[in-house]
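S.K.: A single structure is presented below for examination.
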Amino acid sequence: MNRTDIAELDPLSAEAVALVERRIEEEHGYLSWLNTSVDVVERGRVVLSIPFDDKLTNSDGGTIHGGVAATLIDTAGGIVQRTAFEDPLSGGVATVNLNASYLRPATGDLTAEATIVRSGGSIGVSDMTVTSATNGDTAEVVVGQGSFRLFRE
């Protein structure tokens, strides 16, 4: 299934979107601690964000640790694969491979956008980009691609 095929699926139900929001924003210990927000969940596209917080910075106090951006691309890349399931509330997704290229330091709020490259019977591939917004300026800070094992029910 590729991007064109996903566009032919029915839109996600409000129940599915609410479940993703609740699991990420309220129930997931680590992602909740990071103050992760679910901004968009639609077939083939997911947007997550994490606001700047001093607790997430490197020892310089001004740049966000790269692991935070890696968490965002991993999470967004996996969730977007679920949007290709006929029933996104069933089955599961596990990361097989994650590639992150760091382009510049992140110094502000982070936003990750993930899209589906392909969602096959057992493996899916997602493209992810993280931007950082500081004082009205937004720049790409990380680009990545992930492969995910899909457990379709």
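The rows are residues; the columns are (1) closer than 25 Å to Leu150 by Cβ; (2) in contact (Cβ under 8 Å) with a residue 60 or more places away in the chain.
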site: Ile24; (1), (2): yes, no
site: Val38; (1), (2): yes, no
site: Arg45; (1), (2): yes, yes
site: Leu56; (1), (2): no, no
site: Ser59; (1), (2): no, no
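S.K.: Turning to a different aspect of this structure: In the list Leu48, Leu89, Leu103, which residue meets the criterion of being open to solvent by 50 Å² or more (accessible area, probe 1.4 Å), within 27 Å of Ala7 (Cβ to Cβ) and of a type outside the set (Asp, Glu)?
M.R.: On the way: Leu48 fails: open to solvent by 50 Å² or more (accessible area, probe 1.4 Å); Leu103 fails: within 27 Å of Ala7 (Cβ to Cβ).
Exactly one of Leu48, Leu89, Leu103 is open to solvent by 50 Å² or more (accessible area, probe 1.4 Å), within 27 Å of Ala7 (Cβ to Cβ) and of a type outside the set (Asp, Glu), namely Leu89.
S.K.: Going through Ala94, Ala70 one at a time, which residue ends up being of a type in the set (Gly, Ala, Ser), in contact with a strand residue (DSSP E or B) (Cβ under 7 Å, 6 or more places away or on another chain) and surrounded by fewer than 16 Cβ atoms within 10 Å (Cβ to Cβ)? Break it down into steps so the answer makes sense when it comes.
M.R.: On the way: Ala70 fails: surrounded by fewer than 16 Cβ atoms within 10 Å (Cβ to Cβ).
Of the residues listed, the single one that is of a type in the set (Gly, Ala, Ser), in contact with a strand residue (DSSP E or B) (Cβ under 7 Å, 6 or more places away or on another chain) and surrounded by fewer than 16 Cβ atoms within 10 Å (Cβ to Cβ) is Ala94.
S.K.: Is it fair to say Phe148 is farther than 29 Å from Leu12 by Cα, in contact with a Ser or Thr (Cβ under 8 Å, 6 or more places away or on another chain) and aromatic (Phe, Trp, Tyr)?
M.R.: Numbers: farther than 29 Å from Leu12 by Cα: no; in contact with a Ser or Thr (Cβ under 8 Å, 6 or more places away or on another chain): yes; aromatic (Phe, Trp, Tyr): yes.
Criteria not met by Phe148.
S.K.: Another question, if that's okay. Going by the structure shown, is Gly136 out of contact with any helix residue (DSSP H, G or I) (no Cβ under 7 Å at 6 or more places or on another chain) and exposed (fewer than 15 other Cβ atoms within 10 Å of the Cβ)? Quick ask: steps written out before the conclusion?
M.R.: Numbers: out of contact with any helix residue (DSSP H, G or I) (no Cβ under 7 Å at 6 or more places or on another chain): yes; exposed (fewer than 15 other Cβ atoms within 10 Å of the Cβ): yes.
Taking the combined requirement at face value, the residue satisfies it.
S.K.: May I pose another question? State the number of residues belonging to the range 4-27 that are assigned to a loop (DSSP other than H, G, I, E, B) and open to solvent by less than 80 Å² (accessible area, probe 1.4 Å).
M.R.: In the first step, residues of the range 4-27 are kept if they are assigned to a loop (DSSP other than H, G, I, E, B); the result is 8-13.
From the residues that got through so far, the ones that are open to solvent by less than 80 Å² (accessible area, probe 1.4 Å) too are 9, 12-13.
The qualifying residues number 3.
The values are calculated or read from the model by the stated rules, or taken from the named source; none is laboratory data. Note that the structure is a prediction, hence the values are computed from the model and not measured. Counting neighbours? That spans all protein chains shown, and the Cβs are built from the backbone with ideal geometry, glycine included. All accessible areas refer to the heavy atoms of the entire protein, side chains included, with ligands and DNA or RNA removed. Shrake-Rupley method; radii C 1.70, N 1.55, O 1.52, S 1.80 Å.
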